[in-house]
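The values are calculated or read from the model by the stated rules, or taken from the named source; none is laboratory data. Quick caveat: nothing in here was measured; it's all calculated off a predicted structure. Glycine gets a Cβ as well: all are built from the backbone with ideal geometry, and neighbour counts include every protein chain shown.
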Amino acid sequence: MTEADLVFADGNVFTGDERGSSWLAVKDGRVLAVGGDELRTYVGGRTEVVELGGRLLIPGFQDAHIHAVMGGVELGQCDLTGTTDVEEYLRRLRRYADDNPGAEWILGGGWSMESFENGIPDRRLLDSVVPDRPVYLLNRDHHAAWVNTVTLERAGITASTPDPASGRIDRESDGTPVGALQEGAMELVDVPDMTDREKYDGLMRAQRLLLSLGITAWQDAMLAASNGYADVSDAYVRAAREGTLIASVVGALWWDRDLGAEQIDELVGKREQLSVGRLRCDTVKMMLDGIAENFTAAMTEPYRDACGHATGNRGLSFIDPGALPAYVTELDRLGFQAHFHALGDRAVRDALDAVEAARAANGTTDTRPHLAHLQVVHPDDVPRFARLGATANMQPYWAAHEPQMDELTIPFLDPAAVGRQYPFGDLRQSGARLAGGSDWPVSTPDPLQGIHVAVNRVLPGEKREAFLPEQRLDLRTALTAYTAGSAYVNRRDDTGSLRPGYRADLTVLDRDLFVHPKEEIGDAKVELTFVDGKRVYG
């Protein structure tokens, strides 16, 4: 009998197809066998044995939409996450500024729109703490920046500065900028570029965190970025070449929304240049719209005003919907995967129309397009996912009642759209393939927190009413989305399930989720993480 390198004993093994096995054996970085205690025959003198003691062994989590380097960098900046208290924001800002007296700029983020009236922060709050240095703080969605007066002055943003086509300068009644820059208006500020060292350190910091959360692979949704976003490609390439990239990463190359088809040749070059070791860059990220909270998500029906009346605003399309099908068709012909940011139902429809055009022109290729976010999906478009082979890339942590949803979104959506938010249950019933992602640092990178909300439609630890409870997923479906579903999106076909011959990317949880109440999913923790059969956390 073959001697295994690693054996997991006396637990519960979720293979991705079934749950019921209690042992798993690994040899040369791959799953050797799955079964019961008959696998003890694989245990030899050099075999490492992990006694599970009833704990749950699952395939390693994979995140299908994340910004890992950005998240890691922000962990080392002025971090406003984890609170909605304005006074706490200012205390943290003051402490960070005092601790970094030589920093020319104060950078960071993580503030929540719910902290401010109408979701709009005021520059004067920042001025009261840091009056003499520019401050630039991204909100938790990264679709707006909170800036102080010095920043506005340096950027030359005044009452007479026009709004850019892709964004908005929030203003006081006389036109004076209030201190919040939405979407493309953020590009008006020339924020210092991150250094190569800051990016690399951010990646290493992020990788440590993600491995501790059981995540063994991810798709970074913004490499080779432009349009005011930082390009973090070099950090990944360095890590891949030096062997410090432990996880497997798919880099989604950024589609420059100020350009058209002329950028495709350059994307082909970047695909070859940036695919190194554990890094593969054969995906193109196309950001079609914004977010609902600042009324930039593209909707089929107009937003409402504070009195509930329809406005003339249906959100923004960052890429011309008329040109999008031709772009996606050519990318598909060249073997690129299309990764869409599609939050509003009009953006979702535009993305599906583009995939349909590509299918009509090229046939059903194996490029595995996926649509991320999916806050509002029109019922007519739900069955199109399965028909077109487009994966629904969920960020389920957002599908819950909380102030940003209840105060800044629901009152301003068309009433029909309110009930169409995050329709994961309908998508599942229609036969759509589901993948799971976090969009970290927009929200927590912890897959167990996302799975908790997907199953309960309530945030962990809260007793609120479930948000559209008919859209709940069962635990098996949600867990599969974060493993096999994301593995499919990432085109890592020998991962995501625990089968003989598959890579031994494994995660051990501190409990068997299937025997504990579903209301306690969010309490679970990762205890061990393995990549290619080697322990990388725990």
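Restricting the range 15-37 to residues that are touching a helix residue (DSSP H, G or I) at 6+ places or on another chain (Cβ under 8 Å) and part of a loop (DSSP other than H, G, I, E, B) leaves a set whose member that is surrounded by the fewest Cβ atoms within 10 Å (Cβ to Cβ) is S22. Restricting attention to the range 55-71 and to residues that are outside any strand (DSSP E or B) and at pLDDT 95 or above, the residue that is nearest to A478 (Cα to Cα) turns out to be G60.
The selection criterion, being in the same structural domain as E117 (by TED's automatic domain parsing), free of Cβ contacts under 8 Å to residues at least 40 places away in the same chain and not in a loop (DSSP other than H, G, I, E, B), does not hold for V178. Taking the range 38-69 as the range and being among the charged types (D, E, K, R) and surrounded by 23 or more Cβ atoms within 10 Å (Cβ to Cβ) as the test, only D63 passes.
The lone criterion from (1) within 23 Å of D265 (Cα to Cα); (2) aromatic (F, W, Y); (3) at pLDDT 95 or above left unmet by W218 is number (1).
Within the range 394-419, the set of residues being under 25 Å from I451 (Cβ atoms) and either outside any helix (DSSP H, G or I) or among the charged types (D, E, K, R) (or both) comprises M394, Q395, A399, A400, H401, E402, D406, T409, G419. Take the conditions at pLDDT 95 or above and touching a helix residue (DSSP H, G or I) at 6+ places or on another chain (Cβ under 6 Å) and apply them to G202. Does it pass? Yes: the conditions hold for G202.
Which one is surrounded by the most Cβ atoms within 10 Å (Cβ to Cβ), of the residues in the range 348-378 that are assigned to a loop (DSSP other than H, G, I, E, B), touching a Phe, Trp or Tyr at 6+ places or on another chain (Cβ under 9 Å) and of a type outside the set (D, E, K, R)? The qualifying residue surrounded by the most Cβ atoms within 10 Å (Cβ to Cβ) is L374. The requirement of being of a type outside the set (F, W, Y) and touching a Phe, Trp or Tyr at 6+ places or on another chain (Cβ under 8 Å) is fulfilled somewhere in the range 315-333, by at least one residue. For the range 98-131, filtering for residues that are more than 23 Å from L408 (Cα to Cα) and in a loop (DSSP other than H, G, I, E, B) leaves 10. Residues satisfying the criterion are present in the range 184-199 (criterion: aliphatic (A, V, I, L, M) and within 30 Å of T244 (Cβ to Cβ)). If the condition is being part of a helix (DSSP H, G or I) and farther than 24 Å from A372 by Cα, then the range 237-265 contributes V237, R238, A239, A240, R241, E242, E262, D265.
Of everything in the range 208-224 that is among the aliphatic types (A, V, I, L, M) and part of a strand (DSSP E or B), the residue that is surrounded by the most Cβ atoms within 10 Å (Cβ to Cβ) is I215.
Among the conditions (1) farther than 30 Å from P59 by Cβ; (2) surrounded by fewer than 22 Cβ atoms within 10 Å (Cβ to Cβ); (3) not polar (S, T, N, Q), the only one that A180 does not satisfy is (2). Take the range 76-104 and flag every residue that is among the hydrophobic types (A, V, I, L, M, F, W, C) and surrounded by fewer than 17 Cβ atoms within 10 Å (Cβ to Cβ). Within the range 76-104, V86, L90, A103 qualify. For the subset of the range 289-318 comprising residues that are β-branched (V, I, T) and crowded, with 24+ Cβ neighbours inside 10 Å, which member is farthest from H370 (Cα to Cα)? Of everything passing the filter in the range 289-318, T296 is farthest from H370 (Cα to Cα). Tell me which residues, restricted to the range 313-358, are more than 14 Å from I264 (Cα to Cα) and among the hydroxyl-bearing types (S, T, Y). Scanning the range 313-358 gives a single hit, S317. For V178, the test of being aliphatic (A, V, I, L, M) and touching a Ser or Thr at 6+ places or on another chain (Cβ under 7 Å) is failed. With respect to the conditions (1) aliphatic (A, V, I, L, M); (2) over 20 Å from V418 (Cα atoms); (3) touching a His at 6+ places or on another chain (Cβ under 7 Å), A372 lacks only one, and its number is (2).
Scanning the range 126-135 finds one or more residues that are in contact with a Ser or Thr (Cβ under 9 Å, 6 or more places away or on another chain), under 29 Å from Y200 (Cβ atoms), at pLDDT 95 or above and buried (at least 22 other Cβ atoms within 10 Å of the Cβ).
Of the listed requirements (1) touching a residue at least 60 places away in the same chain (Cβ under 8 Å); (2) under 22 Å from the mean Cα position of the chain (by Cα); (3) not in a helix (DSSP H, G or I), P192 misses just one: (2). Counting only residues that are more than 30 Å from R387 (Cβ to Cβ) and of a type outside the set (S, T, Y), the range 443-484 holds 13 of them. Mind checking which residues of the range 143-175 are outside any loop (DSSP other than H, G, I, E, B), surrounded by fewer than 18 Cβ atoms within 10 Å (Cβ to Cβ) and hydroxyl-bearing (S, T, Y)? Correct list: T149 only. Answer yes or no: is there a residue in the range 380-387 that is crowded, with 23+ Cβ neighbours inside 10 Å, under 22 Å from the mean Cα position of the chain (by Cα) and among the aliphatic types (A, V, I, L, M). No, there is no match, as no residue in the range 380-387 is crowded, with 23+ Cβ neighbours inside 10 Å, under 22 Å from the mean Cα position of the chain (by Cα) and among the aliphatic types (A, V, I, L, M). With respect to the conditions (1) at pLDDT below 95; (2) out of contact with any Ser or Thr (no Cβ under 9 Å at 6 or more places or on another chain); (3) surrounded by fewer than 24 Cβ atoms within 10 Å (Cβ to Cβ), V442 falls short on a single one, namely (3).
One residue stands out in the range 74-97 among those that are outside any loop (DSSP other than H, G, I, E, B) and hydroxyl-bearing (S, T, Y): the one that is farthest from P403 (Cα to Cα), namely Y96.
Taking every residue in the range 127-155 that is in contact (Cβ under 8 Å) with a residue 24 or more places away in the chain and pairing it with any residue that is basic (K, R) and not in a loop (DSSP other than H, G, I, E, B), at least 6 positions away or on another chain, the pairs with Cβ-Cβ distances below 6 Å are V129/R94; P134/R154; N148/R123; T149/R123.
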